[in-house]
Structures are given as C-alpha cells and as structure tokens.
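Comments concern the structure below.
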Amino acid sequence: MEDKIEVAILGISQTTAPYNTFALILKEIYGSRSIPIIIGTYEAQSIVLELERAKPPRPLTYDIIKELIDASELLLTEVLIYDTHEGTYFTKLVFEDDDLEIECRPSDAVSIALRCEVPIYISSNVFDKAGVSAHLSGNSSNVHPDTFASNKQPKTKLEQLQTQLERAIKIEDYEAAAKIRDEIKLILNN
C-alpha cells in the first residue's frame, strides 16, 4: 500500500502570477508541511463556495457530479494526489470498488471530495518533492496565509467514518456499512 498523508484545506489565496490564478494550500493534518497548487478562478470559486456551505441558485458542475456518484450507488472513499512532475499534480478519485479510479485535476478532485465529504490524501513522495515547511512557506511561494479566503477545520477520522456510514446506508450498500461500522467500533473501544 502506498504511503499517503491526509491533508486539509488550509486556504485559497490569489497569486500574483500567472494572472487570474489562485493557490490552493493543502496542509498535512498531523504535520507542518503544506503544498500550494495553482488553480483557476472557477475552480477556486467552487471550492470556496463549498467550504462556506453557500448554495448557488443553480447547481455547479461539481454538485451534479456528486449527484451522479450518489445516484450510481458508487462509494467514493478518497481523493489521492499521487504524483507531481514540473508543477503538474496527478490526482485520482478512488472508489470502494478496487478497479475504479478516475484520473482528474487536483482542483476538480478537491471540489468533489468536499461535496462527498471524503478525505484528501497526498502521497508521501509528493510531499518529499513539493512540500513546503510551515516556517518556510512565506519565503517559498507567492501565497500569503493571512489573505486566505477560507479556512476549514479537518474532520476527525471518526467524523469521516460517520459520514461514510451514512452514505453507505443511504445507497443501501449494507456490506460497506457493516465494515465502516466495525471500524467505528474499533475507534470507540480504544
């Protein structure tokens, strides 16, 4: 199994170059490193809207994707940023079915993860290549943490499992629900 690190969205900030772009800052939950990922205006807006729980008058593309995932009875389990090359991050949506992984842009994956309430992970090798320590972040990028548009506290593992359990029950995937229930019991009994 690949070594991966759970991250939370630390914030989104407008960058100075290239024009009309934003930096999505993902920070490891149990550490001090972060990774800035350059995203477009539309993608930044979509993430901020979901972080703030604002509902636009009509559904965004990512809202529709979430509805399609739910309607198809698929269970999205996580988002994984698994590689980087020359400033491009390679990301996939990982579903419970081991054969189903969908490649996508990090900004799209994060928007979908927020709506589906699943964890976001970054491979440790990506952090080794592109991670920025907290004490260096001001010197290493164009992003200024004090200008973030939003900040969301990371969910605990128990909260994530509760959300996954509710989703599994909703789509009547009782086998997955039983596994998640057992995992919750293990956490509560420790």
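FYI, it's all coordinate maths here, none of it is from the lab. Just so it is clear, the structure is predicted and the values come from calculations on it, not from any experiment. Please note: Cβ atoms are built from the backbone with ideal geometry, for glycine as well, and neighbour counts cover all protein chains shown.
Summary of computed values
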item	result
Label point distance in nm, Ile29-Thr41, each placed 7 Å from Cα along Cα→Cβ	3.4
Gain on full stretching of the segment that runs from Asp98 to Lys179 - 0.36 nm per residue minus C-alpha separation	27.6 nm
Dimensionless Rg/Rh of segment 1-93 - Kirkwood Rh, Rg from C-alpha atoms	0.98
Label-point gap, in nm, between Leu158 and Phe90 - each point 7 angstrom along Cα→Cβ	3.8
